[in-house]
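Asks: Okay, here's the structure, questions in a sec.
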Amino acid sequence: MRFARARTPLGSTVARAAPSEDNRLPMNFCSNCGQPVTLRVPPGDNLPRYVCDACDTIHYVNPRMVVGCVVEWEGAILLCKRAIEPRHGYWTAPAGFMECGETVAEGAARECQEEALAEVEMGSMVAMIDVPHVHQVHIMFRANLREGRYGVGDETLESALYEEDDIPWDDLAFPSVRFALEKYLEDRREQVERLHVTRVERMKR
Ligand SMILES: [Zn+2]
């Protein structure tokens, strides 16, 4: 996952932020005019926003989407060992931040290409995970590898197909990855395709 681009990645700086700043990314200057911004509730609003008094721009900050896939090939699951922080060296399903102009499914397929050089046939959505303390929503799809081909993308140290019994559960990068894998495998055993929804809380440290 390309969490490294987040300024408040999972289990990182946000864990030490003051409660009043807990649900937003820091902003110092207006991206429209370059003047300092202040954090306050604008007229008619009910939440604090970064407001620029020089040009009257209100900078709304909203949660971001992380999209990815549980990729299967002949019963095995494709995982990538992360080459970037956070969670360098831990295993993940291919996933990352959604880009503007693409659908969630297109983004999820793109991440498979970028992280594992994997062309995938997209399937149904398997999990939606709210991660409110880092202002993210993770959406994971079922997918199948086309022709069994995969490789190692720039953000990946190693890619591998894991049989269910060999999945490195203790070395997974993120709780949302664990949830998606568990539910994917649970549904596969029962030969159903459900959508599983959960909420991930802040990691204890
Ligand atoms: Zn401004």
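The values are calculated or read from the model by the stated rules, or taken from the named source; none is laboratory data. What you see is a predicted model, and the numbers here were worked out from it, not measured in a lab. Please note: Cβ atoms are built from the backbone with ideal geometry, for glycine as well, and neighbour counts cover all protein chains shown.
Asks: Of these, A108, A143, A127, which one is under 13 Å from V70 (Cα atoms), outside any strand (DSSP E or B) and not acidic (D, E)?
Replies: A108
Asks: Okay, next question. Go over the candidates A180, A127, A143 one by one and state the one that is crowded, with 21+ Cβ neighbours inside 10 Å and within 17 Å of Y90 (Cα to Cα).
Replies: Going through A180, A127, A143 in turn, the sole match is A180.
Asks: Which members of the stretch 164-193 meet the condition of being in contact (Cβ under 8 Å) with a residue 12 or more places away in the chain and in a loop (DSSP other than H, G, I, E, B)?
Replies: I167, P168, A173, F174, E193
Asks: Can you tell me which residue in the stretch 59-74 is modelled with the lowest pLDDT, limited to those that are within 16 Å of the ligand (Cβ to nearest atom) and surrounded by 12 or more Cβ atoms within 10 Å (Cβ to Cβ)?
Replies: Selected residue: V61.
Asks: Still on this structure, please answer the following. Those residues that are touching a helix residue (DSSP H, G or I) at 6+ places or on another chain (Cβ under 8 Å) and polar (S, T, N, Q), I need them from the stretch 147-205; list them, please.
Replies: Matches in the stretch 147-205: T156, S159, T198.
Asks: Could you go through the stretch 40-58 and let me know if any residue there is of a type in the set (V, I, T), part of a strand (DSSP E or B) and more than 16 Å from the ligand (Cβ to nearest atom).
Replies: The answer is no; no qualifying residue exists.
Asks: Check V120 against each of (1) farther than 14 Å from A93 by Cβ; (2) in contact (Cβ under 8 Å) with a residue 12 or more places away in the chain and name the one condition it does not meet.
Replies: Only one criterion in (1) farther than 14 Å from A93 by Cβ; (2) in contact (Cβ under 8 Å) with a residue 12 or more places away in the chain is unmet by V120, namely (1).
Asks: Restricting to the stretch 154-173, count the residues that are in contact with a Leu (Cβ under 8 Å, 6 or more places away or on another chain) and closer than 22 Å to G123 by Cα.
Replies: So the count comes out to 6.
Asks: Output yes when any residue across the stretch 143-163 is among the acidic types (D, E), without any contact (Cβ under 8 Å) to a residue 12 or more places away in the chain, more than 21 Å from I84 (Cβ to Cβ) and in the same structural domain as G75 (by TED's automatic domain parsing), and no when none is.
Replies: no
Asks: State all residues of the stretch 36-59 that are under 24 Å from R199 (Cβ atoms) and either out of contact with any strand residue (DSSP E or B) (no Cβ under 9 Å at 6 or more places or on another chain) or in the same structural domain as L117 (by TED's automatic domain parsing) (or both); if no residue qualifies, say none.
Replies: Across the stretch 36-59, the qualifying residues are N46, L47.
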